[in-house]
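**Q** Below: one structure in structure tokens.
The values are calculated or read from the model by the stated rules, or taken from the named source; none is laboratory data. For clarity, every value in this text was computed on a predicted model and none was experimentally measured. Cβ: placed from backbone, ideal geometry, glycine included. Neighbour counts: every protein chain shown.
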Amino acid sequence: MKLPPANGNVERLRKLVVEFCIQPLGTLPQQAIWWTSYVVLTRRGTLTRGTGVYTEWSEFGNFSSREMGVLASVTPRTTDINIVDISKGVSHTNETVLQVVDLSETPSNTEIFAVLVATGMHDGAYQVGGQARLEFRSATTW
């Protein structure tokens with residue numbers, strides 16, 4: 001997910017709150033959804049997909065290995081992309097992933113992305129939804 005630009009408010013930017021919901025849909029017992037959640041800063045214009053929704057990790061990095069058709073390891077891109085937070089886990093039931101990231105030192109001319117990479121085991125069926133918000137300090141001084 002690409003977040004709205006902070007524009008001139010970047011000096012007041014405090015934090016990013018990201019929530020992903022993962023729902024396994026498979027019918028086999030003991031299925032698992034392996035997930036990694038990233039918060040990524042990029043130089044403006046580095047990632048140019050108009051929708052802001054990227055369905056393939058290849059925009060952000062390269063698959064460094066696969067095992068039995070399952071994503072095993074990802075090597076993130078390092079040019080013009082800065083990963084500022086990573087969370088990992090395995091879901092066996094409905095799960096909510098919550099990330100709260102301090103972005104108070106974010107440089108201007110930056111775009112912010114919340115990325116979830118998920119891989120289903122066994123029958124592999126799952127669905128994911130997500131939302132994110134930027135929080136700013138008030139411009140009012142007392």
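**Q** Do you know which of the residues in the range 78-99 that are more than 14 Å from Cys21 (Cα to Cα) and surrounded by fewer than 11 Cβ atoms within 10 Å (Cβ to Cβ) is nearest to the chain's Cα centre (by Cα)?
**A** Ranking the qualifying residues of the range 78-99, first place goes to Thr78.
**Q** Counting just the residues of the range 119-133 that are crowded, with 18+ Cβ neighbours inside 10 Å and assigned to a strand (DSSP E or B), which one comes out modelled with the highest pLDDT?
**A** If we take residues in the range 119-133 being crowded, with 18+ Cβ neighbours inside 10 Å and assigned to a strand (DSSP E or B), then Ala132 is modelled with the highest pLDDT.
**Q** From the list Trp35, Trp142, Trp57, pick out the single residue that is modelled with pLDDT under 80 and surrounded by 11 or more Cβ atoms within 10 Å (Cβ to Cβ).
**A** Being modelled with pLDDT under 80 and surrounded by 11 or more Cβ atoms within 10 Å (Cβ to Cβ) holds for just one of Trp35, Trp142, Trp57, which is Trp57.
**Q** For a quick check of your reading of the model, give me the residue pairs whose first member lies in the range 78-101 and is closer than 19 Å to Ile112 by Cα, whose second is in a loop (DSSP other than H, G, I, E, B), with beta-carbon atoms closer than 6 Å and at least 6 apart or on different chains.
**A** Asp80/Thr46
**Q** Let me ask another. Pick from the range 105-134 the residues that are acidic (Asp, Glu) and under 27 Å from Glu11 (Cα atoms): which of them is nearest to the chain's Cα centre (by Cα)?
**A** Filtering the range 105-134 for residues that are acidic (Asp, Glu) and under 27 Å from Glu11 (Cα atoms), the one nearest to the chain's Cα centre (by Cα) comes out as Glu111.
**Q** Residues to consider are Leu16, Leu28, Leu47; find the one that is aliphatic (A, V, I, L, M), exposed (fewer than 12 other Cβ atoms within 10 Å of the Cβ) and modelled with pLDDT of 75 or more.
**A** Leu28
**Q** Being within 22 Å of Pro4 (Cβ to Cβ), surrounded by 16 or more Cβ atoms within 10 Å (Cβ to Cβ) and at pLDDT 70 or above narrows it down to one residue among Glu105, Glu111; which is it?
**A** That would be Glu111, the only listed residue that is within 22 Å of Pro4 (Cβ to Cβ), surrounded by 16 or more Cβ atoms within 10 Å (Cβ to Cβ) and at pLDDT 70 or above.
**Q** Further question on the same structure: Determine whether Thr75 is without any contact (Cβ under 8 Å) to a residue 24 or more places away in the chain and not in a loop (DSSP other than H, G, I, E, B).
**A** When the stated conditions are applied, Thr75 passes them.
**Q** Give the residues of the range 3-13 that are part of a loop (DSSP other than H, G, I, E, B) and at pLDDT 80 or above, sorted by residue number.
**A** Leu3, Pro4
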